[in-house]
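Engineer: Here it is, the structure, as structure tokens.
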Amino acid sequence: MPSSVIRFFRYAADTRELKVTFVSGRLYIYENVPPEVAAAFKDARSKGTFFNREIRDRYIYRDITHDHADQLGSGSHAHRHGRAGSR
């Protein structure tokens, strides 16, 4: 089912990074996301609901919107939220 909030996402099992592109154009990388969480996200009927309940505020993330836009790679910011890495 298409999401009204999330445009695209990709999971890299080797680095445990989940890259999420929102319909707003914002691009984030969530760190240390377990493969079972990424698989459940992929299978979730509502991506936005799953994201808000199981990913947002649970994992450290980097906003790479500007890095992606200008391809400079120097503007990412790491953020710590909630119970990051507690899964």
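The values are calculated or read from the model by the stated rules, or taken from the named source; none is laboratory data. Since the model is a prediction, treat every value here as computed from it, not as a measurement. Neighbour counts are summed over all protein chains in view; Cβ atoms, including those assigned to glycine, are modelled from backbone coordinates with ideal geometry.
Engineer: So, of the residues in the stretch 17-60 that are part of a helix (DSSP H, G or I) and of a type in the set (S, T, N, Q), which turns out to be nearest to Ser3 (Cα to Cα)?
Structural biologist: Thr49
Engineer: Then there's this: Given the conditions (1) modelled with pLDDT of 95 or more; (2) surrounded by 13 or more Cβ atoms within 10 Å (Cβ to Cβ); (3) assigned to a loop (DSSP other than H, G, I, E, B), and given that Asp14 satisfies all but one, which numbered condition is not satisfied?
Structural biologist: Only one criterion in (1) modelled with pLDDT of 95 or more; (2) surrounded by 13 or more Cβ atoms within 10 Å (Cβ to Cβ); (3) assigned to a loop (DSSP other than H, G, I, E, B) is unmet by Asp14, namely (2).
Engineer: On to the next question. Which of the residues belonging to the stretch 17-34 are of a type in the set (Lys, Arg) and crowded, with 16+ Cβ neighbours inside 10 Å?
Structural biologist: If we filter the stretch 17-34 for residues that are of a type in the set (Lys, Arg), which is where we start, we get 19, 26.
Once the filter is applied, which keeps residues that are of a type in the set (Lys, Arg) and crowded, with 16+ Cβ neighbours inside 10 Å, the stretch 17-34 yields only Lys19.
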